[in-house]
Amino acid sequence: MAFTSLELEPRIGSELKISKESLLSGAHALDIRALLVQRGVLVMRDLYLTDDEQRHFARTMGDLRLGGIKKEGEEGLMKVTFDKKENPEYAKFFFGSQLWHMDGTYEEVPPFATMLTPRVLANTGGDTEFVNNYATYEDLPQEEKFRLDTLKVVHTMQAALFPAKPDCSPEEFALWCTYPARAHPLVWHHKSGRKSLVLSTSASHVAGMHPAESRDLLTRLMWHATQPRYVYRHKWRMGDLLMWDNTGTMHRVLPFDEESGRKLHRFTLNGEEPVSAAA
Ligand SMILES: [Fe+2]
């Protein structure tokens, strides 16, 4: 076996032990993908990948996101930092990443997976947490699964960002409202046959439901999903490579000193299937 793995938490996360050579060869990409989807998050320590190596690895795992409207920066590289000089296009939205979310809920086909390597660590804070939304679905009572199966949720940029910045200016709020809303089934029936909850702070409301009932349901599900037994908390170390399956997880960054210049380099893989309801 070219790699071994160790569970980080019972319900989410595995650490993969693999040499850089084996990782970059692509020979084990299918096995790594299978483990990623099973465990939600994969962590590799002490790899110290360059940008080119990280990009190369990403290409072995799927369809690298390069450009178009959702431009990800140079050859797929996005610099995740609050420093607007480093990332003028996106830094103004990253504050929303401190709340639990899936990436790309505004897209018909959300991204499949994302890979991060740290380049500058925060002095304090800045851990990233992940939730396994396959596990959170599996643990629901059967009658609730039947009910949730019928529901669609509308995701909006203002729902994602306003709770993270309630003192925003009217102009900022108006800008967020210009982004298109997107409705997704609340339960994703993946092609694999597995099911997961599609939860995110971007969830504005359940389509067709009374607003009070909708708010209660989404709040209760978010509370359920973020219980410690579903969460993996990653403490960053230089040399890390971390990858998550965006289609079956949520993530958030914990508060950190923004003056520290915390920076991660990110590559994202395009999604491979739309969020599908029961057939
Ligand atoms: Fe994110």
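The values are calculated or read from the model by the stated rules, or taken from the named source; none is laboratory data. If you're wondering where the values come from, they're calculated on a predicted model, not measured in any experiment. For neighbour counting, all protein chains shown are included, and Cβ atoms are generated from backbone atoms with ideal geometry for every residue, glycine included.
Every residue, every condition in (1) surrounded by 13 or more Cβ atoms within 10 Å (Cβ to Cβ); (2) of a type outside the set (Asp, Glu), yes or no:
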site	(1), (2)
Lys165	yes, yes
His184	yes, yes
Ser200	yes, yes
Pro228	no, yes
Val231	yes, yes
Asp240	yes, no
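For the stretch 48-68, the set of residues classified as surrounded by fewer than 18 Cβ atoms within 10 Å (Cβ to Cβ), touching a residue at least 40 places away in the same chain (Cβ under 8 Å) and over 20 Å from the mean Cα position of the chain (by Cα) consists of Tyr48, Asp51, listed by residue number. Name the residue, out of Ala278, Ala212, Ala225, that is at pLDDT below 95 and of a type in the set (A, V, I, L, M). The match here is Ala278. The set of residues in the stretch 100-129 being in contact with a Ser or Thr (Cβ under 7 Å, 6 or more places away or on another chain) and within 25 Å of His190 (Cα to Cα) consists of Trp100, His101, Met102, Asp103, Thr105, Pro110, Pro111, Phe112, Thr114.
You will find that of Ser202, Ser192, the residue that is touching a strand residue (DSSP E or B) at 6+ places or on another chain (Cβ under 8 Å) and at pLDDT 95 or above is Ser202 and no other.
With respect to the conditions (1) farther than 18 Å from Lys145 by Cα; (2) touching a Pro at 6+ places or on another chain (Cβ under 7 Å); (3) within 15 Å of the ligand (Cβ to nearest atom), Val198 lacks only one, and its number is (1).
Taking the criterion of being assigned to a loop (DSSP other than H, G, I, E, B) and either of a type outside the set (Asp, Glu) or modelled with pLDDT under 95 (or both), the residues of the stretch 2-39 that qualify are Ala2, Phe3, Leu8, Pro10, Arg11, Ile12, Gly13, Ile18, Ser19, Gly26, Ala27, His28.
Of all the numbered requirements in (1) buried (at least 19 other Cβ atoms within 10 Å of the Cβ); (2) not in a helix (DSSP H, G or I), Leu218 misses one, and that requirement is (2).
Given the structure, is Pro228 without any contact (Cβ under 8 Å) to a residue 60 or more places away in the chain and under 30 Å from Glu15 (Cβ atoms)? Taking the combined requirement at face value, the residue satisfies it. Restricting attention to the stretch 204-248, the residues being in contact with a helix residue (DSSP H, G or I) (Cβ under 7 Å, 6 or more places away or on another chain) and farther than 25 Å from Val120 by Cα number 7. When Lys195, Lys191 are checked against the criterion of being touching a residue at least 12 places away in the same chain (Cβ under 8 Å), surrounded by fewer than 13 Cβ atoms within 10 Å (Cβ to Cβ) and either more than 15 Å from the chain's Cα centre (by Cα) or closer than 25 Å to Arg45 by Cβ (or both), a single residue qualifies: Lys191. Considering only residues in the stretch 213-234 that are of a type in the set (Lys, Arg) and in contact with a strand residue (DSSP E or B) (Cβ under 9 Å, 6 or more places away or on another chain), the one that is farthest from Ala29 (Cα to Cα) turns out to be Arg215. Across the stretch 240-270, the number of residues qualifying as assigned to a loop (DSSP other than H, G, I, E, B) and over 12 Å from the mean Cα position of the chain (by Cα) comes to 7.
Scan the stretch 221-239 for residues that are within 16 Å of the ligand (Cβ to nearest atom) and assigned to a loop (DSSP other than H, G, I, E, B) and the total you get is 2. Are any of the residues in the stretch 133-153 surrounded by fewer than 20 Cβ atoms within 10 Å (Cβ to Cβ), farther than 22 Å from Arg220 by Cβ and charged (D, E, K, R)? No, the stretch 133-153 has no match at all.
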